[in-house]
Amino acid sequence: MPERAVISVRRIGHVTIEGVLRLGYAARFITLTLLHSGTSFRRLRLVIRELYFTGVLSLIIILVSGLFVGMVLGLQGFQTLQTYGSESALGVLVALSLVRELGPVVSALLFASRAGSAMTAEIGLMKATEQLSAMEMMAVDPIARVVAPRFWAGVISMPLLAAMFSAMGVFGGYLVGVVLIGVDEGSFWSQMQNAVDFREDILNGVIKSFVFGVAVTWIALFEGYDAPPTAEGVSGATTRTVVTSSLAVLGLDFILTSFMFRGA
């Protein structure tokens, strides 16, 4: 029994030390990325190119998902509000749910699944085929040339995608609530405009999406850069990116919400 206890404690200690070391490597990685960001902004074409791959190519899944989420909100919200005779507040329910919560969170989860996994796989493959090592031999810093442009492209894309998700969700709620069910259009829009506050709701939603963008892009790039140079290593890193990013988004969402809306 004592021997088993020692083995268990040893395993726990090993996992803890590995986790702390990995967190330290990730912190060093993001620090180097930020220090090399000046090179990226001096060569904007690199950032713009990555904006296309991370942002523009993610538009379809973001817009379609936002539309259906808004339609479901409109349908479920109407059924709930109808019980209390408050159908006219449907616009408020849809808008606040999207701007405060669902827009930033769902778009971040979709971004992690689509763009984050792609970044991890791309950088992991570059490492496996020794492209990053070749850059270092040619005196080209891979952090400045490969990582930093992708980091800022992800950070810039995330708030824009979240805003588009929320806008499309409101449109979906309008289609179901006003066009399909028959809620008064004037009440739908006027109550929404009166209830949604720029600083308390919209700005906080933008801050959330920005933080999520930093977290998801950081995790995706680090996992790719740190992946073992094998097919199994790249595959495992891609899986870890999606899982870790999703958990990070949900955890950060709780922390940010507790600070932003505790007095609301």
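Coordinate-derived values only; no laboratory data. This one's a predicted model, so the numbers in the text were calculated from it and none came from an experiment. Glycine also receives a Cβ, built like all others from the backbone with ideal geometry; neighbour counts cover every protein chain displayed.
I'd like the FRET efficiency for Leu247 and Met137, computed as 1/(1 + (r/R0)^6) with the beta carbon distance as r and R0 of 35 Å, rounded to 0.05.
Calculated value: 0.40.
Between Ile255 and Ile7, what is 0.36 nm times their sequence separation minus the Cα-Cα distance? Round to one decimal in nm.
Contour length minus the Cα-Cα distance gives 85.8 nm.
Which three extents, in whole angstrom, do the alpha-carbon atoms of the range 182-248 cover along their principal axes, largest first?
Extents along the principal axes, in whole Å: 59, 29, 13.
Tell me, what is the percent relative contact order of the chain, built from C-alpha pairs under 8 Å that lie six or more residues apart?
Here the relative contact order equals 31 percent.
Once Lys and Arg get +1 and Asp and Glu get -1 on their Cβ, which of Ile202, Ser246, Thr120 lies farthest toward the positive end of the dipole of the chain?
The listed residue farthest towards the positive side: Thr120.
Could you work out which residue, out of Gly213, Gly77, Gly172, moves most in a Gaussian network model of the chain, that is, has the largest mean-square fluctuation with Cα springs under 10 Å?
Most flexible of the set in this elastic network: Gly77.
Would you calculate the volume per residue, in Å³, of the smallest convex hull containing every Cα atom of the range 132-184?
With only Cα atoms used, the range 132-184 gives 63 Å³ per residue.
Residue by residue, what Karplus-based ³J(HN,Hα) values in Hz, rounded to whole numbers, does the range 27-42 have, using 6.51, -1.76 and 1.60 with θ = phi - 60° and x for Gly and Pro?
Karplus values, whole Hz, x for Gly and Pro: 5, 5, 4, 5, 5, 4, 4, 5, 5, 9, 5, x, 4, 5, 6, 7.
So I have (i) 17.5, 55; (ii) 19.8, 73; (iii) 22.0, 73, and one of them is Rg and Dmax of the Cα atoms in Å calculated from this model. Which one is it?
Identified label for the calculated read-out: (iii).
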